[in-house]
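Worksheet for the structure shown next.
The values are calculated or read from the model by the stated rules, or taken from the named source; none is laboratory data. Quantities reported herein were computed from a predicted structural model and do not represent experimental measurements. Here Cβ is always computed from backbone atoms with ideal geometry, including for glycine, and neighbour counts include all displayed protein chains. With ligands, DNA and RNA removed, areas are computed over all heavy atoms of the protein, side chains included. Shrake-Rupley method; radii C 1.70, N 1.55, O 1.52, S 1.80 Å.
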Amino acid sequence: MTLTITGEPLDVTFNPAFVRGATLVAAQRDGVKADDARVEATPADVHVLVKRPGAMSRIELTIRVQEDAEATPVLVKPEVGDPARR
């Protein structure tokens with residue numbers, strides 16, 4: 001992801017979401033390892049938090065994660081007259 005800034009410097013926080021169970025492989029900010037990148041897990045997904053205080057013109061962020069394949073849900077086609085289900 002690349003962000004271009006015009007005007008005053010900004011404190012920028014990136015917090016993209018990934019599937020639940022994803023693990024952080026690497027994070028780079030402006031071509032340099034982002035040592036401050038951290039993973040925040042929620043019941044629904046995983047976020048990778050990277051901050052860039054005082055950004056002046058352009059920020060390039062690369063985040064690599066390992067995502068496990070999710071199981072495909074079993075879908076059942078209802079027949080006419082079947083009772084309602086959740």
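Any idea what the relative contact order of the chain is, in percent, if you count C-alpha pairs under 8 Å spaced at least 6 apart? All intermediate terms of the calculation are to be shown ahead of the outcome.
On the way: 140 pairs, mean separation 33.7, N = 86.
So the answer I get is 39 percent.
Neighbours of Ile63, meaning other residues whose beta-carbon lies under 15 angstrom from its beta-carbon, give a summed charge of -1 when Lys and Arg score +1 and Asp and Glu score -1.
Averaged per residue, what accessible area in Å² does the chain show with a 1.4 Å probe, protein chains only? Each step should come with its number before you reach the end.
On the way: 6800 Å² over 86 residues.
Dividing the accessible area of the chain by its residue count gives 79 Å².
Rounded to the nearest 20 debye, what is the charge dipole size of the chain about its Cα centre when +1 sits on each Lys and Arg Cβ and -1 on each Asp and Glu Cβ?
Values: 11 positive and 13 negative charges, 2 e Å.
The calculated dipole for the chain is roughly 0 debye.
For the chain, the share of accessible area belonging to carbon and sulfur comes to 53 percent (1.4 Å probe, ligands and nucleic acids excluded). Relative intensity of the chain on a log10 scale, I(q)/I(0) at q = 0.10, 0.20, 0.25 Å⁻¹, equals -0.41, -0.93, -1.20, per a Debye sum over C-alpha point scatterers of equal strength in the absence of solvent. Only protein heavy atoms count here; under a 1.4 Å probe, Leu75 has an accessible surface of about 150 Å².
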